[in-house]
Amino acid sequence: MTDKQPAIAIVGPTACGKTRRGVALAQRLCGEIVSADSRQVYRGMDVGTGKDLCEYGDIPYHLIDIAPAGYKYNLYEYLRDARKAIENIRSRGHMPIVVGGTGLYVESLLKGMDLAEVPHDETLRKSLETKSLDELSDILASMKRLHNTTDVDTVQRAIRAIEIETYYAGHPEAAKAAKEPQPIEAIVIGIDIPRDERRRLISERMRRRFDSENMLAEVEGLLASGISPDDLIYYGLEYKYLTLCITGQLTRADMEQQLEIAIHQFAKRQMTWFRGMERRGFHIEWLPYDISDDEFCSRACSLMAERQEKNKR
């Protein structure tokens, strides 16, 4: 593979089958997976993040299990690590296939954004710590730079996002560098799933994680290992609500009900992000979620052939 050949990105909401499609395509194209999931980077957070490592078989994957649970991995680190992974994959003559539902990671990577490492601002954090999540979201929405709304579902994450935007406002040289991107050409394929079917699959997967995959035991084990409840709550969704239950702040029934609602809301925000990507100039080729792997791969290969022919003109 040459550097001029486009990469492939597979995006879509949670529970739509992105990993399976990415693996099938990697098998067809001699590819390697670059994860674009903000929580699968953490070791020991397997069930709640849906790593499904058994699906990969002998397909190499990158940016999964690269940081300890309790750490706060960020966009700067992701862009650095993902670019390095893509360079290494291409150096082996293989196809990079970016797979994930964290829209900020995918869009920033394909745009070629180059961010500075943003230090903590304790004064700013203290001024924000009494504000509600809605208030913090309003502050974040008023900032002009690209920011992560798909994953800001806790106060801690919203404060960190505001901290990053504030840093860029006060460091125009860093902001300028971030505005001079080197885009990665890619064919972006979205998994198109009807809302009702998406909701059904999310609910079924959540029940399976409780009943047979023992998601509750995973969170109990993380807490027993010394990770603080606040650090797990920071990760949102499963880790937030299960931690609140384990620490006695929610009943089991309330936890399950609130978690299911939160995941449905999260999936909706993911789709809002991807539709926003289209408005911001990305073409996403949406393929039905229920076609066979063979048809998915054939249609992806056709898109590649069309792009390559276009690039020759």
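Total residues in the range 31-54 satisfying the condition of being among the hydrophobic types (A, V, I, L, M, F, W, C) and open to solvent by less than 10 Å² (accessible area, probe 1.4 Å): the figure is 5.
Output the residue which, of all residues in the range 206-255 that are of a type in the set (Lys, Arg) and open to solvent by 40 Å² or more (accessible area, probe 1.4 Å), is farthest from Gly44 (Cα to Cα). Spell out how you get there, then give the answer.
We begin by selecting, within the range 206-255, every residue of a type in the set (Lys, Arg); these are 207-209, 240, 252.
Filter once more, keeping what is open to solvent by 40 Å² or more (accessible area, probe 1.4 Å): 207-208, 240, 252.
Values: Arg207: 20, Arg208: 18, Lys240: 15, Arg252: 22 Å.
That would be Arg252.
Tell me which residues, restricted to the range 274-292, are part of a helix (DSSP H, G or I) and open to solvent by 50 Å² or more (accessible area, probe 1.4 Å). Result: Arg275, Glu278, Arg279.
Only residues that are crowded, with 21+ Cβ neighbours inside 10 Å and either in a loop (DSSP other than H, G, I, E, B) or without any contact (Cβ under 8 Å) to a residue 24 or more places away in the chain (or both) were counted across the range 1-30, and they come to 4. Looking only at residues of the range 83-122 that are without any contact (Cβ under 8 Å) to a residue 40 or more places away in the chain and small (Gly, Ala, Ser), we find that the one that is farthest from Gln265 (Cα to Cα) is Ser91. With respect to being surrounded by fewer than 17 Cβ atoms within 10 Å (Cβ to Cβ), at pLDDT below 95 and among the small types (Gly, Ala, Ser), Gly112 fits the description. When Ile33, Ile59, Ile86 are checked against the criterion of being over 29 Å from Asp230 (Cβ atoms), over 12 Å from the mean Cα position of the chain (by Cα) and assigned to a strand (DSSP E or B), a single residue qualifies: Ile33.
Suppose we filter Ser132, Ser142, Ser137 for residues that are surrounded by 17 or more Cβ atoms within 10 Å (Cβ to Cβ) and under 24 Å from Ala267 (Cα atoms); which single one remains?
Ser137
Out of all the residues in the range 293-308, is one or more among the small types (Gly, Ala, Ser), outside any helix (DSSP H, G or I) and open to solvent by 20 Å² or more (accessible area, probe 1.4 Å)? Scanning the range 293-308, I find no residue that is among the small types (Gly, Ala, Ser), outside any helix (DSSP H, G or I) and open to solvent by 20 Å² or more (accessible area, probe 1.4 Å), so the answer is no. Take the conditions (1) of a type outside the set (Gly, Ala, Ser); (2) closer than 23 Å to Phe296 by Cβ; (3) surrounded by fewer than 17 Cβ atoms within 10 Å (Cβ to Cβ); Ile59 misses just one of them, which is (3).
Considering only residues of the range 167-188 that are more than 22 Å from Thr102 (Cβ to Cβ) and of a type in the set (Asp, Glu), which is modelled with the lowest pLDDT? Ranking the qualifying residues of the range 167-188, first place goes to Glu180.
The values are calculated or read from the model by the stated rules, or taken from the named source; none is laboratory data. Model, not experiment: these values are computed from the prediction. Here Cβ is always computed from backbone atoms with ideal geometry, including for glycine, and neighbour counts include all displayed protein chains. For accessibility, only protein heavy atoms count, side chains too; no ligands or nucleic acids. Shrake-Rupley method; radii C 1.70, N 1.55, O 1.52, S 1.80 Å.
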